[in-house]
1. So what's the net charge close to Thr408: Lys and Arg +1, Asp and Glu -1, counting the other residues with Cβ under 14 Å from its Cβ?
2. Ordered by residue, what ³J(HN,Hα) values in Hz, to whole numbers, does the stretch 332-342 give under the Karplus form 6.51 cos²θ - 1.76 cosθ + 1.60, where θ = phi - 60° and Gly and Pro are x?
3. Can you list the residues, at least 5 places off or on another chain, whose amide H is less than 5 Å from the amide H of Ala143, using H built in the peptide plane?
4. Among 268-281, 321-334, 343-356, how do they line up from the highest to the lowest mean number of other beta-carbon atoms within 10 Å?
5. Mind listing the phi-derived Karplus ³J(HN,Hα) values for the stretch 285-297, rounded to whole Hz, using 6.51, -1.76 and 1.60 with θ = phi - 60°, and x for any glycine or proline?
6. Can you bin the stretch 246-357 into rounded, prolate or oblate? Criterion: square roots of the alpha carbon gyration tensor eigenvalues sorted a ≥ b ≥ c, rounded for a/c under 1.5, prolate for a/b above b/c, oblate for the rest.
7. Please compute the contact order of the stretch 212-459 in relative form: average sequence separation of alpha-carbon pairs under 8 Å and at least six residues apart, divided by the residue count, as a percent.
8. Order the peptides 313-320, 432-439 from the highest to the lowest mean number of other Cβ atoms within 10 Å of their residues.
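Values quoted throughout were computed directly from the atomic coordinates according to the rules given, and no laboratory measurement underlies them. This is a predicted model, so every value here is computed, not measured. In this analysis, Cβ positions are derived from the backbone assuming ideal geometry, glycine residues included, and neighbour counts consider all displayed protein chains.
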Amino acid sequence: ADGKTGSCTASIISRDYILTNHHCVPGKDEASRPVRALLLMNYYDETRSDETVRYDVDIRPVETSQWPDYSILRVAGNPAARFGALTLPVTAPLPSEPLIMFHHPLGQPMVLSAKGCRVGARPIDGDGQLIHYCDTDQGSSGAPILDMNGSRLIGLHYAGNTGFNLAVPMVRLRQQSVILAQLFPDQSPPPVRRAEETAPPPPPAQAQATGPRVIRDCAECPEMVVVPPGEFMMGSPEGEPGRQDEEGPQHRVTIGQEFAVGRYAVTFEEWDACVLDGGCGGYSPSDRVWGRGRRPVINVSWNDATSYAVWLSRKTGQHYRLLSEAEREYVTRAGTKTPFSTGDRITTDQANFNGSGTYNGSATGVYRRRTVEVGSFKPNAFGLYDLHGNVREWVEELWHPDYRGAPTNGSAWTTETWALGVLRGGSWFDTPDNLRSANRFRSFPNDRSFGSGFRVARTLTP
């Protein structure tokens, strides 16, 4: 709201109301007096971040308080119809919880950006202020602070610059504000865990159905599923829609002994544990403000992925590595011979990909435009998740232009390689033809992409 005090950040909270910092509102001391102001409304999203709409309107503070420091404004014109409203549960912060804050940097009203940071180890001080570590600039006042998944509203920034900052905790603001109490859901519990973490205890062992054997070598280590030996035809048959020459010739591969494979792609929380333990070169990849935690780590190269496997091996004393390309196709197919482990087609209810594309007569689906948490879809027959879509995954060997001379025992092909790495599985932005079990990608080993991650394998000793 550009008035006497310059530029501040505000949030649309309903079709009629905007929430901002108390001192950002011209005429704040005269709550009944309408104020003429220029509102520049912007929506933060990779596809719409440059969309800005000007509202030259009368605004009226309808609820205001110096502490907690906030004002609620009534605005004519229903900007929520164009941009949407914040309909998130209001929750208390957790100590050192990762955060995301949306703001106008340096008071630039035409620019809306987001930054990641965290709650203080002591979230709320004696005066009821939320302590956070989002470096802020002029124009950040009034900025909404959310959890890293963008699913919970934590606070409203009002003071600070770099490092140490203060905000209004939304749980306290909601307790005082009649309007917010009506608009926002009740306080919700801490972030939801995966289904297997919150499920009731399993029945006695004799009553359990047979399932995959899962091992985990340390608290920070990824869960690993033991995969049985077997045979499969690697590559795609001549008539498969979308087939590329590098997917042939089709040949039989025999996996002679069981091995362990990551149940999921390596996540941000697993990668961050490596960094905290002094591994992974200290590299902290960007999450594109989509959230860390249980989302698959992205912006990691083949070199980065290898360094994670080295750290795991050193930490556990076990032999961790990337999957060979043959192993990756074997666990993706999980006994199937069709283009996908789901059959001749795949839907966006089964995997995360660009649903605007179709394959083999399939219907279009949703396009989420980002990664989702690992394990969001059903596992395949081996008990492994997300082998199709979400992120492309680096494998162990470098690129060969086709399978002529490829090993037939499932081992990595380490001779006569090109200086390119191999990725498998497709990603959130790929169309379904690129998610096929036989499909291959190549990239330089030091490339870091928002569509690339990895999972690890572990050699099992007899």
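1. Values: positive: Arg252, Arg404; negative: Glu231, Glu325, Glu327, Glu329.
Spelling it out: positives minus negatives among the neighbours equals -2.
2. 5, 5, 6, x, 8, 10, 7, x, 10, 5, 8
3. Amide H neighbours of Ala143, under 5 Å, 5+ apart: Thr9, His157.
4. On the way: 268-281: 17.7, 321-334: 24.4, 343-356: 19.3.
Sorting 268-281, 321-334, 343-356 by mean packing, highest first, produces 321-334, 343-356, 268-281.
5. x, 5, 9, 6, 6, 8, x, 9, x, 8, 6, x, 5
6. On the way: a/c = 2.42, a/b = 1.34, b/c = 1.81.
Oblate, because a/c is 1.5 or more while a/b does not exceed b/c.
7. On the way: 590 pairs, mean separation 66.4, N = 248.
In percent, rounded to a whole number, it is 27.
8. Values: 313-320: 15.5, 432-439: 25.1.
So the order, starting with the most tightly packed, is 432-439, 313-320.
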